[in-house]
Amino acid sequence: MARYIVATADEIPPGGRKIVEVAGRSIGVFNLGGEFFALRNRCPHQGGPLCEGKTFGLLQARVPGAIEYSRPGEILTCAWHGWEFDIRTGRSWCAPERLRVRRYEVSVEPGDALAAAADAPAPGLVRGPYQAEPRYLVVEIAPERGSNRAASGATSGHGRGGGRRGAFRRRGWSAAPTRPRPTRWRRRAYSSSRSSYGPPR
Amino acid sequence: MQGSPGGSGADAGAGGLIDCDVHNTVPRVEALFPYLPPHWVEHVRQSVFKGAGASYYPKNAPVAARPGSVPPDGPAGSSLALLREQVLDPLGVEVAILTCLYAIDSLHNPEAAAAFASAVNDWQIAEWLDREPRLRASIVVPVQLPELAAREIDRVGDHPGFVQVLLPARSEHPYGSRLFHPLWAAIARRGLVAGIHFGGAPGNPPFPSGWPSYFFEEYAGMAQVFQSQLASIVSEGVLDLFPTTRIALIEGGFTWLPAFMWRFDKEWRNLRQLVPWVKRAPSAYLREHVRLTVQPLDAPPTTEDLLDTIAQLGSDELLLFATDYPHRHAADPLQAFLPHLPAALARKIRGENARALYGLPRPA
């Protein structure tokens, strides 16, 4: 587990965001009413710059016309295709159990404590010396499964070059080598096997 | 026999055969006189008005009437005796669902539309349902007048012979529109199936791009009308407002459905904020609420293509056997399609799916 100082807390006002590059990742840090959340800036659908998308509230309705609008600003819509993600949980609206964006823990810490701690975080984007005020945002990043990219510092998954990931790529739409962690989406799409006529799983 | 790839599906299992599309045709307007109010009888006698047109098909088109289905005293589909002789007896049909295409939707006089719909339904009870226990029927309604349609559904909807309300695929407004919510409410109240059938005479073109020139175009292109109705019904929340709704798409084909579901689901992920009452992927609604008859079959080039398409439907519960009598799609309806299917699937299509859809009792 590596910790990175990515911003001072007052850099990101409520409703605001900052997109940072740390440990080879593009990450969006959001302030929802004073609470901070961090999401990977790569949509699990096709790799689009998710954290550059617009935010909206949660729209629900039991029946036509009975619209309930809540949690304004807490739903992030991908800049490419508009798929909705809950900033608090990283879960998508369309398939919350299967399709999520990676989220990271964010803590708000005073600078003097950071400097004194035994496991002092890497400087990330904010250079010292750290002081008691303002407070600092620290993002925790675990190494990816099956990958040592956290140490490599490589940057990817951001911008148009990162498209066509996931389901399409695995089906041979791209000649690029397979990523170690396939996207969760469409893994359980209904079977094209002729012998399987069961209902959708 | 079970599971063998060829020849097994036509007679697989012991389940009864249910034919989900058999047309009963009003032979001529005079046949409705016993069921019409006196002033409408007088009106027909004294004017040139002969009631609504009864068929969307050119009379002599090869698909319109199978050989021998035209009785001496009326059009194809008007004879119960011929129906018994050509379908019910030789195929061993346990239950056939009548789909009377009397074009009430073409009548712009609202009183006439309501009166003729009631007359056709009473004619169906007296001349078909009361005479043949293997038959069930579809309520004909003035669909262009949803309040009156709901009244007619309430009037006859509890008759045990009526299992469905017939809605022409072509409509003046898409069926999800709130204009139609009284109609859906009545269908749900009486526990009936909404049978959306090929055709319709609402007055607007069968294509949103305008009027086609040839019957060929209209006949081959009707799938887009069915698609637009499904898009409307799901998107406008009919299935959320009336969650017990069951829909049969009749004579619309089914090979277009997988591609339509892919697109429908994809756009829902982008645009569902516009229709937040649509809570699940549209394909999930469709697989739960919609069934489709198999004739006329879209005829994929190979059996493999057909089986691939059926697998892409994502459920073995969607398809319903139908002959579409007296229209002709195959010399032997039982051999045209079912023998190519795995036995378990063929058994569902032969009858189990329709039994569940229409709530028909299990055979003794």
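When only residues in segment B:313-337 that are modelled with pLDDT of 90 or more and more than 11 Å from every other protein chain (Cβ to nearest Cβ) count, which is nearest to B:Ala65 (Cα to Cα)?
Taking segment B:313-337 first, the residues modelled with pLDDT of 90 or more are B:313-326.
From what's left, more than 11 Å from every other protein chain (Cβ to nearest Cβ): B:320-326.
On the way: B:Leu320: 21, B:Phe321: 19, B:Ala322: 15, B:Thr323: 12, B:Asp324: 10, B:Tyr325: 8, B:Pro326: 5 Å.
Among them, the one singled out is B:Pro326.
Test each condition in (1) out of contact with any strand residue (DSSP E or B) (no Cβ under 7 Å at 6 or more places or on another chain); (2) more than 19 Å from B:Asp89 (Cα to Cα) for B:His327 and report the one that comes out false.
Evaluating B:His327 over (1) out of contact with any strand residue (DSSP E or B) (no Cβ under 7 Å at 6 or more places or on another chain); (2) more than 19 Å from B:Asp89 (Cα to Cα) leaves (2) as the failure.
Residue under question is B:Ser106, and the condition is that it be within 19 Å of the chain's Cα centre (by Cα), surrounded by fewer than 19 Cβ atoms within 10 Å (Cβ to Cβ) and of a type outside the set (Asp, Glu); does it hold?
In short, yes.
Residue check: is B:Leu129 more than 19 Å from B:Ala52 (Cβ to Cβ) and in contact with a His (Cβ under 9 Å, 6 or more places away or on another chain)?
Values: more than 19 Å from B:Ala52 (Cβ to Cβ): yes; in contact with a His (Cβ under 9 Å, 6 or more places away or on another chain): yes.
When the stated conditions are applied, B:Leu129 passes them.
Take the conditions farther than 26 Å from A:Phe85 by Cβ and part of a helix (DSSP H, G or I) and apply them to B:Phe254. Does it pass? Lay out the reasoning, then the answer.
On the way: farther than 26 Å from A:Phe85 by Cβ: yes; part of a helix (DSSP H, G or I): no.
Answer is no for this residue.
For A:Thr89, all conditions in the list (1) more than 28 Å from A:Ala2 (Cβ to Cβ); (2) surrounded by fewer than 21 Cβ atoms within 10 Å (Cβ to Cβ) hold save one; what is the number of the exception?
Condition not satisfied by A:Thr89: (1).
Kindly indicate whether B:Pro243 is in a loop (DSSP other than H, G, I, E, B), facing chain A (nearest Cβ under 9 Å) and modelled with pLDDT of 95 or more.
On the way: in a loop (DSSP other than H, G, I, E, B): yes; facing chain A (nearest Cβ under 9 Å): no; modelled with pLDDT of 95 or more: yes.
No; evaluated as a whole, the condition is false for this residue.
Assuming A:Gly82 fulfils every condition listed in (1) buried (at least 21 other Cβ atoms within 10 Å of the Cβ); (2) over 22 Å from A:Glu11 (Cβ atoms) apart from one, which condition is it?
(1)
Within segment B:218-238, which residues are over 19 Å from B:Trp262 (Cα atoms) and among the hydrophobic types (A, V, I, L, M, F, W, C)?
B:Ala220, B:Met222, B:Val238
If B:Tyr214 satisfies all but one of (1) under 23 Å from B:Val22 (Cα atoms); (2) out of contact with any strand residue (DSSP E or B) (no Cβ under 9 Å at 6 or more places or on another chain); (3) surrounded by fewer than 21 Cβ atoms within 10 Å (Cβ to Cβ), what's the number of the condition it fails?
(1)
Among (1) away from chain A (no Cβ under 14 Å); (2) aliphatic (A, V, I, L, M); (3) crowded, with 18+ Cβ neighbours inside 10 Å, where does B:Ala220 come up short?
(3)
Which condition does B:Glu172 not pass, out of (1) in contact with a Gly (Cβ under 8 Å, 6 or more places away or on another chain); (2) surrounded by 24 or more Cβ atoms within 10 Å (Cβ to Cβ), if it passes all the others?
(2)
Just one of the numbered conditions (1) within 14 Å of chain A (Cβ to nearest Cβ); (2) in contact with a His (Cβ under 7 Å, 6 or more places away or on another chain); (3) closer than 28 Å to B:Thr245 by Cβ is not true of B:Ile310; which one?
Failed condition: (2).
Being of a type in the set (S, T, N, Q) and within 24 Å of B:His329 (Cβ to Cβ) is the requirement here; does B:Thr245 meet it? Before the answer, list the steps.
Numbers: of a type in the set (S, T, N, Q): yes; within 24 Å of B:His329 (Cβ to Cβ): no.
Taking the combined requirement at face value, the residue does not satisfy it.
So which residues in segment B:281-306 are modelled with pLDDT under 95 and either under 24 Å from A:Ile75 (Cα atoms) or out of contact with any helix residue (DSSP H, G or I) (no Cβ under 7 Å at 6 or more places or on another chain) (or both), if there are any at all?
Within segment B:281-306, B:Gln295, B:Pro296, B:Leu297, B:Asp298, B:Ala299, B:Pro301, B:Thr302, B:Glu304, B:Asp305 meet the criteria.
Within segment A:1-33, restricting attention to residues that are closer than 21 Å to A:Gln131 by Cβ and not hydrophobic (A, V, I, L, M, F, W, C), which residue is farthest from the chain's Cα centre (by Cα)?
A:Asp10
The values are calculated or read from the model by the stated rules, or taken from the named source; none is laboratory data. Remember, it's a predicted structure, so these values are computed and weren't measured experimentally. Cβ sites come from the backbone with ideal geometry, for glycine too, and all protein chains shown count toward neighbours.
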